[in-house]
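Student: This is the structure, below, for whatever I ask next.
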Amino acid sequence: MSGAGAFVVVGAGPGLGAAAARRFGRAGHPVGLIARDTDRLAGLAAASASEGLTTAAEAADVTDEEALTGALAALRERLGPIEAVLFSPRPDLGWIRPVLETAPSDVRSALALSVVAAATVVRAVVPDMRRRGRGTLLFTTGGAAVEPHRDRAVSGVAYAAESAYTRMLHDALADGGVHVAQLTIVGPVGPGARHEPDDVAGELWRLHTGREQPLVVLR
């Protein structure tokens with residue numbers, strides 16, 4: 001894909017994030033990776049580069065607005081304009097407990113990760129996308145977005161809020177050439193699991209290129 005802009009994974013990990021980086025990278029997009037764990041990030045970047053993909057990585061805690069904004073700016077400087085972003089940070093399993101055992105701090109932390117950090121990304125990348133008249137924002141959530149369960153309370157709360165935010169973004173940006181889509185994945189993602197990472201990455205690629213559906217649920 002000649003002249004393809006950068007594809008940035010916010011919350012990059014060795015499963016879906018790495019698979020999506022490979023899929024977009026093979027299509028000609030320079031790949032940017034953002035994660036908090038510097039050792040894991042270095043490994044992901046090295047693996048991506050070893051496959052011949054143009055890759056850059058920036059470490060940041062995605063709940064730190066200044067750090068996340070700075071990481072996105074640094075990747076834009078290194079890779080060129082950002083054309084697509086995958087927002088896919090994973091929650092801390094320690095927050096996920098039954099609703100009656102869920103503390104205010106658990107809800108606060110989950111919303112900071114799933115919604116406040118998403119808003120930080122949008123503020124950082126959307127103005128340039130709108131000026132260029134092209135761009136894609138992709139969001140992934142777990143199945144609690146559509147099937148909330150009382151034993152996994154914060155996931156249901158945070159993913160519902162992220163879903164509402166994503167839908168409003170889609171409605172606000174569609175006429176300006178920026179496509180917003182959410183992929184909700186019901187069940188585990190991983191090698192040999194219900195959803196293979198490469199298959200999910202392929203669905204993300206279809207959302208980016210098809211630019212028609214704002215919401216897809218994989219069951």
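Student: Given that just one value was derived from the coordinates, which of (i) 1, 7, 16, 20, 22, 18, 10, 4, 1, 0, 0; (ii) 1, 7, 14, 18, 19, 16, 12, 8, 4, 2, 0, 0; (iii) 1, 6, 13, 14, 15, 13, 10, 8, 6, 4, 3, 2, 1, 1, 1, 1, 1, 0, 0, 0, 0 is P(r) over Cα pairs in 5 Å bins from 0, in percent?
Tutor: Only one listed value fits the structure, namely (i).
Student: I would also like to ask the following. Scan region 116-212 for chymotrypsin sites (Phe, Trp or Tyr not before Pro) in coil per DSSP, keeping those whose Cβ has at most 16 other Cβ atoms within 10 Å, and list them by number.
Tutor: none
Student: Using only Cα atoms, tell me the angle between helix 153-173 and the longest principal axis of the chain; keep it within 0 to 90° and round to the nearest 10.
Tutor: So the helix axis and the longest Cα principal axis differ by about 40 degrees.
Student: Let me ask something else about it. Compare the Cα positions of A47, A74, G11 along the charge dipole of region 1-90 (+1 at Cβ of Lys, Arg; -1 at Cβ of Asp, Glu; about the Cα centre) and return the one farthest towards the positive end.
Tutor: The residue sitting most towards the positive pole is A47.
Student: So what's the back-of-envelope 222 nm ellipticity for the chain, counting only DSSP H runs of four-plus at -39500 (n - 2.57) apiece and dividing by all residues, rounded to 500?
Tutor: Per the formula, -14500 deg cm²/dmol.
Student: About the Cα centre of region 6-218, what is the dipole size in debye to 20, counting +1 per Lys and Arg Cβ and -1 per Asp and Glu Cβ, all else neutral?
Tutor: My answer is approximately 420 debye.
No value in this document is a laboratory result; all are computed from the given coordinates. Here the structure is a predicted model, which is why all the values come from computation and not from measurement. Reconstructed Cβ throughout: ideal geometry from the backbone, glycine too, with neighbour counts over all protein chains shown.
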